[in-house]
Each structure stands twice: as structure tokens, then as C-alpha cells.
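Asks: Sharing a structure here in C-alpha cells format.
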Amino acid sequence: MTEAYIVEAVRTPVGRRGGGLSAVHPADLGAHILKALMQRSGVDPAAVEDVVFGCLDTVGPQAGDIARTSWLAAGLPEEVPGVTIDRQCGSSQQAVHFAAQAVMSGTSDLVVAGGVQNMSQIPIAYAASPRATEPLGLTDGPFAGSEGWRARYGDQPVDQFNGAELIARKWDISRRDMEEFALLSHQRATRAIDEGRFDRETVPFGEVTADEGPRRDTTLEKMAGLRTLVEGGRLTAAVSSQVSDGASAMLIASERAVREHGLTPRARVHHLSVRGEDPIRMLSAPIPATAYALKKAGMSIQDIDLVEINEAFAPVVLAWLKETGADPARVNVNGGAIALGHPLGATGTKLMTTLLHELERTGGRYGLQTMCEGGGQANVTVIERL
């Protein structure tokens, strides 16, 4: 089996809701990052065999296979196909898995993996909302109308906020714990921006030259004054990921492609897997998924130099830290989605782009990435810097 190499990785700055990227057509946002990826790699775009993009809520401007639309909107060769996938928040991390699997199997030699999302234009879960489904006479949403689902899970709420609250209660994570973690995320993100840690990995879009999400003026006192998201709950907006817009992409290559195109691999895909667990609690799957991945890879958490775990909500990361025993100083060292935002379909390759660049900056060898996903799932990828 051939190796799968990462030869290039780029992302846009992440725009906040209603910010500098909010009016951009999603296909143009995707096109922008694809053009940058091709230019930076120096590869003939016609040599790319597929474009695998993550995107959720593929309605309106995100419909019609946005992977293909973005490639064409970039002015790139018509003979290159594209496919859009949805593994919820892990969609573009799964895009990397599909791309790497194609390369490792010998099916393909050059595959683009990435994702795009404009949450300002199309809100999260819009495709399942009454606004989208009532005109069709469908009012039950994706779960309640299923006899099989109801027989197995009853009428329990399938909701990310409920899942995060369940995690906070199960792992005894207090509101103060979450707010301290959220403050650290903002502090790490603003430090990374100030030190130019993201400069190599980001491609400005017009006047948007840096991530818009981090709040320099946030304090524990301000967070303490916010209302909880659920009556009697512990979570507030301050400990939740931000609604965001953005795009990201990576070029995955085989050994043959590296040789024939004169490429310099930056990392090797060391391990990839995905696991599932309780879809009602939903967001705790990174815990068993990480254990599974490390066992399959013959590694321990101490072998990992840097971790990116998506900060969908603070308790997701805090529970993961409790269960894995990972060193917090190695986890989300440049902040996470609480500060930097979570543009759904683009977040997977956004995080991996940051992980790769931080491994290069610090000289680390192994990086692990995981993220919670709708349906109670979690992807895990381990990359090795070369």
C-alpha cells in the first residue's frame, strides 16, 4: 500500500457572522482557496483526479455539488470532477480520509480535500428546519418521523446543546471550568495572530486578512453575566463555537505523484479512522474514537506532540482531556473554535492546516486531530511531519 502525503494546505481567514466573508457566494469562497492551493503547490491542475469537499446544509448557493462548482468557479479544468460530502462537523476531515484512502489504495495519485461553509447566509441545520421543510409538507425533522429511530431512541431531543449539557453533567464540568477554558482559547488565538503563527497558512480574501472571531476584551466577568443557553443549564454562548464563514483545502499525493511532479511532502498520513457512539449525547465520540485510533496505530497519547480537537463546546474538550490524560499544553495551542470560529464543512481541513503548520513551527513529529460530529461520531487523523 502506498503512502498518502500532504504536500500543501491552506485556508482563508475565518469570518465571523455578518463579517467580511458573509456576502461572498460560497462557490467563490471555495474557488478562492482552490486557486491558492493550486498556485502554491505548483501542480498542473489538470493532474488532479478528484476534489472532495465537505459542506453542510447544501441548499441555495451551497447546493448543486459545491465541490464541483467551486472548482469551476476558480477557472480550473473542466475535466476534473468534484464531490460534496456530509459527515456533519467532520465533513472536511472525512474529505482528507477519502482522499488519502484513494491514494493509499492506488486508485488515485492527486486528490484535493477541503471544505467550505457560509453560515452567515445559510444558518446551521437550515436544511432540517421548518423554513426549509414545511413548504414540502414535512414537519417532523430528520428524526421524529422515523419509526425505527423512535423505537430505538424514543422522543429524546437530538440537539447539540442538549448533548453538550449532558457531557458537562456526566463529567462534572462546571460553568466556571468552561469559562476559564474559553478565555484561554481567546488568549491563545490572539497571541497566535499577534505572533504571525497563522500567516503562512492563510490566504487573505479581499480586506479580510486575519481571523475575525477572537475577542481581545473578553473576561471571566463578562462571561459570567451571560444567560445560559438552556433553562437551568451550564452552557452559554461564551463557551460555544462561533458561527463562521470560511474555506480550506489540502493537496494529498501518492509517492508516484510526488516523484513525477517534483513535489516535497510536508507530512504523511499516519493513521485515519472514524467511530461512533451515543447519538443523543452526540458530542462525546472523540473520547472512544481517540482510544480506538491510538490502539490501532500502536501509539499512546504521550507519543502525540500536538492535538487539535474541535471546540464545538468547551465540555467536549474538557471531558476528552479528563479521559485521555493528554497534556493541556499540547492541545489547541493556538486557540480553537470558541475563539476562531467553526465554519462547519471547512473546519476539518482548517484544523489540519493549522496542525501541520504548528508541527513545522515547533519541530514536532506527530499531530492528532479529532472532532465531535452529528450522529455521535468522531474522525481521528494522525499525521507525521516530514
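Asks: Assuming THR12 fulfils every condition listed in (1) touching a Leu at 6+ places or on another chain (Cβ under 8 Å); (2) open to solvent by 30 Å² or more (accessible area, probe 1.4 Å) apart from one, which condition is it?
Replies: Of everything listed in (1) touching a Leu at 6+ places or on another chain (Cβ under 8 Å); (2) open to solvent by 30 Å² or more (accessible area, probe 1.4 Å), THR12 misses just condition (2).
Conditions (1) assigned to a loop (DSSP other than H, G, I, E, B); (2) open to solvent by 60 Å² or more (accessible area, probe 1.4 Å); (3) touching a helix residue (DSSP H, G or I) at 6+ places or on another chain (Cβ under 6 Å), marked per residue:
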{"position": "SER92", "(1), (2), (3)": "no, no, yes"}
{"position": "GLN101", "(1), (2), (3)": "no, yes, no"}
{"position": "ALA127", "(1), (2), (3)": "no, no, no"}
{"position": "GLU134", "(1), (2), (3)": "no, yes, no"}
{"position": "PRO142", "(1), (2), (3)": "no, yes, yes"}
{"position": "ARG150", "(1), (2), (3)": "no, yes, no"}
{"position": "VAL158", "(1), (2), (3)": "yes, no, yes"}
{"position": "ALA164", "(1), (2), (3)": "no, no, yes"}
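Asks: Still on this model: Would you call ASP327 free of Cβ contacts under 8 Å to residues at least 60 places away in the same chain and among the acidic types (Asp, Glu)?
Replies: Details: free of Cβ contacts under 8 Å to residues at least 60 places away in the same chain: yes; among the acidic types (Asp, Glu): yes.
The answer is yes for ASP327.
Asks: Related question: Among the residues of the range 111-122, is any open to solvent by 50 Å² or more (accessible area, probe 1.4 Å) and either touching a residue at least 40 places away in the same chain (Cβ under 8 Å) or within 12 Å of GLY30 (Cα to Cα) (or both)?
Replies: Step one: list which residues in the range 111-122 are open to solvent by 50 Å² or more (accessible area, probe 1.4 Å), which gives 121.
Right, trim to either touching a residue at least 40 places away in the same chain (Cβ under 8 Å) or within 12 Å of GLY30 (Cα to Cα) (or both) and you get 121.
Yes; the residues of the range 111-122 include at least one that is open to solvent by 50 Å² or more (accessible area, probe 1.4 Å) and either touching a residue at least 40 places away in the same chain (Cβ under 8 Å) or within 12 Å of GLY30 (Cα to Cα) (or both).
Asks: From the residues in the range 60-89 that are out of contact with any Cys (no Cβ under 8 Å at 6 or more places or on another chain), surrounded by 24 or more Cβ atoms within 10 Å (Cβ to Cβ) and not basic (Lys, Arg), which one is farthest from LEU251 (Cα to Cα)?
Replies: SER70
Here is a yes/no grid of residues against (1) in contact with a His (Cβ under 9 Å, 6 or more places away or on another chain); (2) over 25 Å from GLY15 (Cβ atoms):
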{"position": "LYS322", "(1), (2)": "no, yes"}
{"position": "THR354", "(1), (2)": "no, no"}
{"position": "THR370", "(1), (2)": "no, no"}
{"position": "VAL380", "(1), (2)": "yes, yes"}
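Asks: With the requirement that a residue be part of a loop (DSSP other than H, G, I, E, B) and surrounded by 14 or more Cβ atoms within 10 Å (Cβ to Cβ), what does the range 184-199 give you?
Replies: Residues of the range 184-199 that are part of a loop (DSSP other than H, G, I, E, B), as a first pass: 195-199.
Those that are part of a loop (DSSP other than H, G, I, E, B) and surrounded by 14 or more Cβ atoms within 10 Å (Cβ to Cβ): ARG197, PHE198.
Asks: Which is β-branched (Val, Ile, Thr) and assigned to a strand (DSSP E or B), of VAL10, VAL24? Please lay out each step first, then the result.
Replies: Working: VAL24 fails: assigned to a strand (DSSP E or B).
Exactly one residue qualifies, and that residue is VAL10.
Asks: Follow-up question, since we're still on this one. Being out of contact with any Pro (no Cβ under 9 Å at 6 or more places or on another chain) and either in contact (Cβ under 8 Å) with a residue 40 or more places away in the chain or part of a strand (DSSP E or B) (or both) is the filter here, so list the residues in the range 200-227 that pass it. Even if it seems obvious, please write down each step before you answer.
Replies: Start the filter on the range 200-227 by keeping residues that are out of contact with any Pro (no Cβ under 9 Å at 6 or more places or on another chain), which leaves 200-201, 206-207, 213-227.
Selection gives ARG200, GLU201, GLY206, GLU207, GLY213, PRO214, ARG215, LEU220, MET223, ALA224.
The values are calculated or read from the model by the stated rules, or taken from the named source; none is laboratory data. Just so it is clear, the model here is predicted, and its values are computed rather than measured. Note that each Cβ is placed from the backbone with ideal geometry, even for glycine, and that neighbours are counted across all protein chains shown. Accessible surface areas use protein heavy atoms only, side chains included; no ligands, DNA or RNA. Shrake-Rupley method; radii C 1.70, N 1.55, O 1.52, S 1.80 Å.
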